[in-house]
Structures are given as structure tokens and as C-alpha cells.
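Below is one structure, written out as C-alpha cells, with a few remarks after it.
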Amino acid sequence: MFKDSGDNVFLLIQALGLIAFLCTTVSYWGKGKKQILAIQIVGDIFYATHYFLLGAITGGLTQVLGLFRETSFFCAKTKKQEKIIFVILVPIYLFIGCMTSTTIIEIFPILASITYCYTLTMAANYVVLGGLIDAIYWLFYDIICGSYTGAFADTIVIVSNTLSLIHRKKEVNYSRK
């Protein structure tokens with residue numbers, strides 16, 4: 001939409017993506033799933049706005065549903081509730097994908113979101129792993145839709161989550177000694 005306008009609006013859109021990126025990156029260093037999700041809720045608001053302003057409808061709708069996803073998982077009290085949330089969200093993601101995707105690359109946010117949603121039914125280490133997989137899918141989508149701060153963010157999340165997983169593995173190994 002504003003991608004080629006050459007004015008400050010495009011810079012504002014990219015700035016929204018940068019704020020969302022900061023929230024996402026910081027979130028994965030949270031101590032537990034609730035802390036990760038609380039910070040991601042804020043990031044989802046910025047990402048949804050960012051994608052809609054870019055005209056990337058699939059990405060924007062996926063982020064709006066992500067806001068609902070993170071809030072639902074944050075409020076869930078049991079593993080059973082988390083699995084019910086997952087079962088409810090998958091068909092909604094698939095519907096969004098069918099209704100808005102016109103190219104293969106537009107399916108990537110859907111695949112990313114389903115993968116990440118599944119990992120939210122697991123422990124924090126798996127949430128970080130899911131975020132890594134999620135970022136790989138989003139990286140390709142962001143490059144195509146013109147989300148340059150998103151692509152930058154995805155690259156940083158890939159590195160950050162890899163380091164976080166290594167750090168978490170070391171903590172587990174040290175606690176066993």
C-alpha cells in the first residue's frame with residue numbers, strides 16, 4: 001500500500017515493525033511461557049498494524065489471530081485448555097490462508113503460526129524452538145511483502161533463539177551434575 005510512496009509513512013510502517021521486533025526478541029529470553037507470551041501480546045499489536053499498512057493482509061490477519069492466541073494461552077490454566085485452544089485455532093488459520101493467500105509464499109505465515117501455536121502447548125524450551133521455526137517462515141514472507149524490519153527481526157530472532165536454546169540446554173546439563 002505505502003511501500004513505494006517514498007514518503008515518511010513508509011518509515012513509520014517500518015518503525016512499527018521495529019518495535020514489534022524488539023518485543024518479540026526480548027520475549028524469548030523470558031523465564032517461563034507466561035512471561036514470553038505477555039511480551040509477545042504487545043508485539044502482536046505492532047506487527048498487525050505494520051502488516052496491514054504494508055498491504056500484507058495474510059500477515060496482518062495472522063498477527064491479529066496471534067494476539068488472540070497469545071492471550072488465550074496466557075490465560076489457559078491447564079494443558080487440556082491449551083490443546084483445545086490449538087484445536088480451535090488451526091482451522092481458523094487454515095481459513096485465513098485459503099481466503100487471503102494468492103501465492104505460495106503467503107502460506108508461510110499460516111504455517112509459521114500453526115507451528116508456533118502447537119509449541120505453545122508445550123514447555124518453554126519448545127516455545128523458543130517454535131519461535132525459531134516461526135521466524136524462518138516469516139523471514140521469507142517479510143522479504144517478499146517489503147517488511148524490511150520484519151526480515152531483520154526474523155534474522156535476529158533466529159540467532160537469538162538459537163543462542164537461547166543453547167543456553168537453556170547448558171542450564172539443564174549443569175543442573176544434572
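The values are calculated or read from the model by the stated rules, or taken from the named source; none is laboratory data. Small disclaimer: the values here were computed from a predicted structure and weren't measured. Each accessible area value is taken on the protein alone, full model and side chains, heavy atoms only, with ligands, DNA and RNA left out. Shrake-Rupley method; radii C 1.70, N 1.55, O 1.52, S 1.80 Å.
Probe radius 1.4 Å, ligands and nucleic acids left out: which of V26, V90, V9 has the largest accessible area, and how do the rest follow? Could you put the intermediate results ahead of the total?
Details: V26 90, V90 30, V9 50 Å².
Heavy-atom accessible area, descending, gives V26, V9, V90.
For the stretch 133-174, count the residues as N, evaluate 2.2 N^0.38 Å, and divide the Cα radius of gyration by that value, please. If you can, show how the numbers build up before the last one.
Details: Rg = 12.9 Å, N = 42, 2.2 N^0.38 = 9.1 Å.
For the stretch 133-174, the normalised Cα radius of gyration is 1.42.
Ignoring ligands, DNA and RNA, please state the percent of accessible area on the chain from carbon and sulfur, probe 1.4 Å. Before the final figure, lay out the partial values.
Values: 6720 of 9060 Å².
Carbon-and-sulfur percentage of accessible area, whole number: 74.
Helix 108-119 against the longest principal axis of the chain: what's the angle in degrees, Cα atoms only, rounded to the nearest 10?
The answer is roughly 20 degrees.
With just the Cα atoms of the stretch 106-167, tell me how far they stretch along each of the three principal axes, in Å, largest first.
33, 22, 10
How are the Cα pair distances of the stretch 1-68 distributed, in percent, across 5 Å bins from 0?
Using 5 Å bins, I get a P(r) of 4, 20, 24, 22, 15, 8, 4, 2, 0 for the stretch 1-68.
Residue-wise, which Karplus ³J(HN,Hα) couplings in Hz belong to the stretch 131-139, taking 6.51 cos²θ - 1.76 cosθ + 1.60, θ = phi - 60°, and x for glycine or proline?
x, 5, 4, 3, 5, 5, 4, 5, 4
Accessible surface of S147 in the full protein assembly, 1.4 angstrom probe, to the nearest 10 Å²?
Its heavy atoms expose roughly 0 Å² to the probe.
Write down, largest first, the equivalent ellipsoid semi-axes of the chain in whole Å, where each equals the square root of 5 times an eigenvalue of the alpha-carbon gyration tensor. Can you show the working numbers first?
Details: eigenvalues 147, 73, 36 Å².
Here the semi-axes work out to 27, 19, 13 Å.
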